[in-house]
1. Under a straight-distance cross-link criterion of Cα-Cα below 18 Å, which aspartates and glutamates are reachable from residue 29, leaving out those fewer than 8 residues away in the same chain?
2. If amide hydrogens are placed 1.01 Å from N in the peptide plane, which non-local residues have theirs closer than 5 Å to the one on residue 30?
3. Between residue 402 and residue 303, what is the label-to-label distance in nm when each label sits 7 Å out along the Cα-to-Cβ direction?
4. Among 406, 153, 354, pick out the residue whose Cα is farthest towards the positive end of the charge dipole of the chain, where Lys and Arg carry +1 and Asp and Glu carry -1 on C-beta, about the Cα centre.
5. Return the single residue from 77, 30, 206 with maximal mean-square fluctuation; model: Gaussian network over the chain, springs between Cα atoms under 10 Å.
6. Which whole-number percentage describes the relative contact order of the chain, with Cα contacts under 8 Å and a sequence gap of 6 or more?
7. Among 142, 42, 117, flag the residue with its Cα farthest along the positive direction of the charge dipole of segment 4-145, charges on Cβ as +1 for Lys/Arg and -1 for Asp/Glu.
8. Mind listing the long-range amide H neighbours of residue 69? Cut-off is under 5 Å, sequence gap 5 or more, other chains count too, H placed in the peptide plane at 1.01 Å from N.
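Here, each number is a calculation from the coordinates, and none is a lab measurement. Since the structure is predicted, the reported quantities are computational estimates derived from the model, not experimental observations. Quick reminder, even Gly has a Cβ in these numbers, built from the backbone with ideal geometry, and neighbours come from all protein chains shown.
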Amino acid sequence: MTTVGQENARMLASLLGIEEADAAERLEKTVRITVAPGLAGAGHEVRDLLERTIHVARSDEGKPDLELVIGPAQPATPGPHLYASLNRRGVIVDAVPPRHSSEHVHALLTALAACHIAAAALHRVIGSSSLPRLALPLSVDFTELGVPEGGLTTPFDVSGAVLVGAGAVANGFLRALRHLQVRGTLPIVDPKTVGEGNPNRCLYFTEHHVHLPKAPTLAQSAQPDFPNLRFEPHTCTFGELVAKTGLVDTAIVTVDSRRARRSLQKEIPRRIIDASTTDARAVIVHSHSQPTEHACLACIYRHVPDEHARERSIAEGLGIDTETVREGFITAAAAARIAKAHPSVEASTIVGKAYDTLFKELCSAQALLTPEGRQVLAPFAFVSALAGVLLVVELLRSNHQAATTNYWTVDPWGAPIGRLRRLRPRVLDCEFCADDDASRFARSLWEEAR
């Protein structure tokens, strides 16, 4: 069984280029969090992120590896210390005490700040020059997010949207969305079950949820945070949902596969709001509305040669062919072939599971060791949470017609930079845009809805 610690160690080992055992040792760190009065919410957000990766000490424990002081509070230990301060302008994280007092900050912005505070704390205790660069002081300016005026305080109805995927970014999205006044009905669609390593980054999941279907589990766990929003879980693919219920107005996309995103685009939702992570190195945000003359989701996630390498690696590791891997989910026939190649695998337990999920689990258990294993690694909790916050921000920008760009990449170890937003053009050989029939159909469907 893959543990949360193993999942984190694999991620760190990949980042640093070291053995998993050495990475696990580097994660055996303890951080104590000291929070100023009035900033309990920020403290809880940071704690939730850090404790999925390292140990967060209680007040009665011994000397920590780092004391994180949030707001104008006196440290409780001799140190070393890291300080974080929040005000309406942003958050600053530094090795010296802040020069200004903290102020009340909207809970969504606090959630964003928590991601960057957690990143700085992890960077400090891991202490490796091989990690992505994080310079102190780390200063995050909330205006760089481009949240439209009134976006954080205006109630809105999310009915008509579907949350596609119920994994780490979806968890982060709902954790961030709970800070807004949202109502209506939101279907959640995901054909997968909760994996053994998922609780390292899925903040609504625990080890007790492992092997349960993701969509109902996320819906049930998140529902208490949304008194005016009702979730409808569906254990199926987005395409299967569309086949049952008809076209979808807005797809909020959190799936972890380029191929799945291209397939989703062919279902022609009117609007797409998307976020993804590149292990622990980047968060990518995309949005567009049909009809569009610019990049669609299939343009952003167009086929690249590395996908073939990954598919070949999965096929070779599992003992099947690449065409079978491209089907996405394990059939009974494929399960029998995999079980024959891997006697430790019980065929009946893997039917319906995604091939890349099984591949990653077997890599974690050291049943498979392949060069391409790194391509299916999961990020730390703070990276997925940051992607979720930025997905909510993009939804607000789209709701208020402020999303004039369609692509943004953010460094999770640095500060969001608004000027890096781009309006990317179509890709000439895009699977969707190059299909004239599909483009005409999209225009006929959604021209009047724009």
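1. 7, 19, 20, 48, 51, 60, 61, 65, 67
2. 65, 66
3. Label at residue 402, label at residue 303, 3.9 nm between them.
4. Most positive-ward Cα: 153.
5. The residue with the greatest mean-square fluctuation here is 77.
6. This gives 17 percent for the chain.
7. 142
8. Those lying under 5 Å, H to H, from residue 69 are 34, 82, 83, 84.
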